[in-house]
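Some notes on the structure that comes next.
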Amino acid sequence: MKLGITGLGRAGKTTVFNAVTGRSGESVPTGGQVGPALGVVAVPDARVDWLSSLYHPKKTTHAQISYMDLQGVPGMADNKREYMSLLLTHMRPMDALIMVVRNFADPVLGLSDAAKDLRELEDEFLIADMASVEKRIEKIEAELKRGKKPTGTEKELLEKCAEILNAEQPLRAHPEIANAPELRGYTFLSAKPLLVIVNNSDEDGVMPSISFRSAEAVVVRGKLEMELAQLSDDEAESFMLDFGIAESAVDRVIKSSFALLDQISFLTVGEDEVRAWTIARDTHAVEAAGAIHSDIQRGFIRAEVVAYEDLKKAGDYAAARKQGTVRLEGKNYSVQDGDIINFRFNV
Ligand SMILES: Nc1nc2c(ncn2[C@@H]2O[C@H](COP(=O)(O)OP(=O)(O)OP(=O)(O)O)[C@@H](O)[C@H]2O)c(=O)[nH]1
Ligand SMILES: [Mg+2]
């Protein structure tokens, strides 16, 4: 799963990217090479950590997500339209978006207006989506004129999209439209799940009181967090005490990003590996098996399942079994977040 980092110029996108991916060094100066930088990040999960302390496996694998930051693009001040179109093009294939909003005074751009910047970028999403919708409706109408039979509900759905966008609302505010299978190919920007990161100055940990409408929001001190991400554990601890940071904002951002994707994790355990696997909500056991290996899906017999909370309460697997919380489930069992699964299969 990939999250694209968006924002106006000098909002702190690269700073947030570096903090989240633990990259060291200054952010790439503008005017350099243009290109997407990708960083893979492990999703913090206390369940995986506890299971790892129970099994002492050779390997522990957390769920992963990727972040993309478009770097080296000449700043907004030089050519705003070009900057925006390049940024949005790179965001279309992403599963979800992060919007970094500047809430600190910048030596180049001056004081910040987070609410205005938020609105400005959201408008760019809406305008880009409106252009795609209009183009497609025109094409369908031309086809109808040429005598093509109307098929499906695509046109009606697109007209509904136009209505929503005209009312200056993001498509994500209407999940039945944003998730309609007929529109899946369109990669509408305003339909993607969105996490707003308000980027504060080092001295300020407070969330400004602005409206985020249908988006989730977290507040971070980007520059501080990037410095924190580069410290050793000991140094980080005293740094966090000094600045009154309870939980690293990076952890909060990663957890919120994962939640945004509406994915769940099931877990596998053993002496070799304790591992979190990422699947969509409402996935059946037999498909979940396929996330591990197609052979396990093909030869699926049963899933032996225990909920994480039940295993933790029992203390270990044998005790959970004795308490009767380990159950056998069939192909169509809907896997739950935190299920510990041992697949029985035959190839
Ligand atoms: N004071 C302060 N400065 C910050 C913060 N975050 C970023 N900066 C500074 O703001 C400038 C721009 O940050 P970047 O992370 O490069 O911003 P960007 O959005 O990637 O910028 P472009 O890619 O050029 O659009 C840099 O000089 C950062 O050091 C912050 O939280 N507080
Ligand atoms: Mg940047």
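Scattering from the C-alpha atoms of the chain alone, worked out with Debye: what is log10 I(q)/I(0) at q = 0.13 1/Å?
The Debye formula, applied to the Cα set alone, gives -1.09.
Students often get this wrong: which residues of region 183-205 have the backbone nitrogen under 15 Å from the point 7 angstrom along Cα-to-C-beta of Thr151?
183-185
All other residues with a Cβ under 10 Å from the Cβ of Phe345 taken together, and with Lys, Arg as +1 and Asp, Glu as -1, what is their net charge?
Counting the neighbours of Phe345, the net charge comes to +2.
Cα centroid distance between region 316-347 and region 200-260, in Å?
37
Counting other Cβ atoms within 10 Å, which chymotrypsin sites (Phe, Trp or Tyr not before Pro) in region 36-98 have at most 14 and lie in a DSSP loop?
Hits after loop and neighbour filter: nothing returned.
Going from most exposed to least, what order do Lys135, Lys223 have by accessible area with a 1.4 Å probe?
The ordering from most to least exposed comes out as Lys135, Lys223.
Restricting to Cα atoms and excluding each atom paired with itself, what does the Kirkwood estimate give for region 233-347 in Å?
Computed over Cα pairs of region 233-347, the Kirkwood hydrodynamic radius comes out at 16.1 Å.
With contacts defined as alpha carbon pairs under 8 Å and 6 or more residues apart, what's the relative contact order of the chain in percent?
Values: 597 pairs, mean separation 66.9, N = 347.
With pairs under 8 Å counted, the relative contact order is 19 percent.
Based on DSSP, what percent of beta bridges with both residues in the chain are antiparallel, to the nearest 5?
Working: 26 of 51 bridges.
Restricted to the chain, the bridges split so that about 50 percent are antiparallel.
Accessible area, 1.4 Å probe, largest first: how do His56, His293, His284, His174 sort?
His56, His293, His284, His174
How large is the accessible surface of Phe125 in square angstrom, using a 1.4 angstrom probe and rounding to the nearest 10?
The value for Phe125 is about 0 Å².
Leaving out ligands, DNA and RNA but keeping every protein chain, what accessible area does Met207 have, in Å² rounded to the nearest 10, with a 1.4 Å probe?
Its heavy atoms expose roughly 70 Å² to the probe.
From the phi angles alone, apply the Karplus equation (6.51, -1.76, 1.60; θ = phi - 60°) to region 164-173 and give each ³J(HN,Hα) in whole Hz, x where the residue is Gly or Pro.
Computed from phi, the couplings for region 164-173 are 4, 5, 5, 7, 6, 10, x, 5, 5, 6 Hz.
What share of Cα pairs, in percent, lie more than 22 angstrom apart in region 43-161?
Tail fraction, whole percent: 61.
Just need the relative contact order of region 282-345 here, percent rounded to a whole number, with Cα pairs under 8 Å and 6+ apart.
Reported as a whole number, the value is 50 percent.
List the GluC sites (Glu not before Pro) within region 143-202 that fall in a DSSP loop (any state other than H, G, I, E or B) and whose Cβ has at most 12 other Cβ atoms within 10 Å.
Counting only loop positions with at most 12 other Cβ atoms within 10 Å, the GluC sites (Glu not before Pro) in region 143-202 are Glu168.
Can you give the net charge of the other residues whose Cβ lies under 10 Å from the Cβ of Glu273, counting K and R as +1 and D and E as -1? Intermediate results must be reported in sequence, preceding the final value.
On the way: positive: Lys58, Lys59, Arg275; negative: Glu271, Asp272.
Here the charged neighbours net out to +1.
If Lys and Arg each add +1 and Asp and Glu each add -1, what is the summed charge of the other residues whose beta carbon sits under 15 Å from the beta carbon of Leu54?
Summing Lys/Arg as +1 and Asp/Glu as -1 gives -1.
I'd like the GluC sites (Glu not before Pro) in region 211-309 restricted to DSSP loop residues with at most 11 other Cβ atoms within 10 Å, sorted by number.
Passing sites in region 211-309 are Glu247, Glu271.
Would you mind telling me the share, in percent, of accessible area of region 48-164 contributed by carbon and sulfur at probe 1.4 angstrom?
55
Could you pull out every residue, at least 5 positions away or on a different chain, whose amide H is within less than 5 Å of the one on Gly7? Hs are placed 1.01 Å off N in the peptide plane, and Pro or chain starts have none.
For Gly7, the qualifying residues are Val100.
Based on the Cα gyration tensor of region 282-345, what are the three equivalent ellipsoid semi-axes, each the root of five times an eigenvalue, rounded to whole Å and given largest first?
Working from the Cα gyration tensor, I get semi-axes of 22, 11, 9 Å.
With a 1.4 Å probe and all protein chains in place, put Ile292, Ile264 in order of accessible area, largest first.
Ile292, Ile264
Based on the Cβ-Cβ distance of Glu82 and Lys313, what FRET efficiency does E = 1/(1 + (r/R0)^6) give at R0 = 56 Å, to the nearest 0.05?
Plugging the Cβ-Cβ distance into 1/(1 + (r/R0)^6) gives 0.45.
The values are calculated or read from the model by the stated rules, or taken from the named source; none is laboratory data. Being a predicted model, the structure only gives us computed values, none of them experimental. Glycine gets a Cβ as well: all are built from the backbone with ideal geometry, and neighbour counts include every protein chain shown. We work out accessible area using only protein heavy atoms, side chains counted, and drop any ligands, DNA or RNA first. Shrake-Rupley method; radii C 1.70, N 1.55, O 1.52, S 1.80 Å.
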